[in-house]
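In what follows, a single structure is set out as structure tokens and then discussed.
The values are calculated or read from the model by the stated rules, or taken from the named source; none is laboratory data. Just so it is clear, the model here is predicted, and its values are computed rather than measured. Glycine gets a Cβ as well: all are built from the backbone with ideal geometry, and neighbour counts include every protein chain shown.
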């Protein structure tokens with residue numbers, strides 16, 4: 001089960017393939033594409049911090065995060081939602097398996 005794609009540069013989706021390209025820093029060995037998801041975490045923090053005060057404290061950040069929603073992105077990552085009762089942001093996951101040496105999703109997002 002996973003909550004995000006494990007995209008590859010030869011992915012059929014142009015969004016995913018184009019997103020994977022900037023992570024390649026050498027001609028011999030590509031960086032793991034999953035490092036791009038660090039950008040998602042940074043974006044979420046920046047969005048939440050902007051909703052706080054000029055000098056946000058932990059309570060301000062928690063209050064802003066508990067109201068935070070981010071729509072499904074171009075890479076197929078599911079909607080990100082936090083609330084006082086939902087601290088992991090994802091309620092759904094997809095079933096994936098390795099096929100020909102690559103992770104391939106075999107279902108769309110599944111709920112409980």
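Taking only pairs six or more apart or across chains, which ones have beta-carbon atoms under 7 Å, a first residue in region 52-63 that is in a helix (DSSP H, G or I), and a second residue that is surrounded by 15 or more Cβ atoms within 10 Å (Cβ to Cβ)?
60/52; 61/48; 61/52
Residue by residue, here is whether (1) within 25 Å of residue 13 (Cβ to Cβ); (2) buried (at least 16 other Cβ atoms within 10 Å of the Cβ) holds:
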{"position": "55", "(1), (2)": "no, no"}
{"position": "64", "(1), (2)": "no, yes"}
{"position": "67", "(1), (2)": "no, no"}
{"position": "71", "(1), (2)": "yes, no"}
{"position": "85", "(1), (2)": "no, no"}
{"position": "99", "(1), (2)": "yes, no"}
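For residue 69, only one of the following conditions fails: (1) within 24 Å of residue 107 (Cβ to Cβ); (2) touching a helix residue (DSSP H, G or I) at 6+ places or on another chain (Cβ under 8 Å); (3) at pLDDT 75 or above. What is its number?
Evaluating residue 69 over (1) within 24 Å of residue 107 (Cβ to Cβ); (2) touching a helix residue (DSSP H, G or I) at 6+ places or on another chain (Cβ under 8 Å); (3) at pLDDT 75 or above leaves (2) as the failure.
Return the total of residues in region 101-112 being in a loop (DSSP other than H, G, I, E, B) and either more than 29 Å from residue 12 (Cα to Cα) or out of contact with any strand residue (DSSP E or B) (no Cβ under 8 Å at 6 or more places or on another chain) (or both).
Of the residues in that region, 3 qualify.
Output the residue which, of all residues in region 1-46 that are within 19 Å of residue 81 (Cα to Cα) and surrounded by 15 or more Cβ atoms within 10 Å (Cβ to Cβ), is modelled with the highest pLDDT.
44
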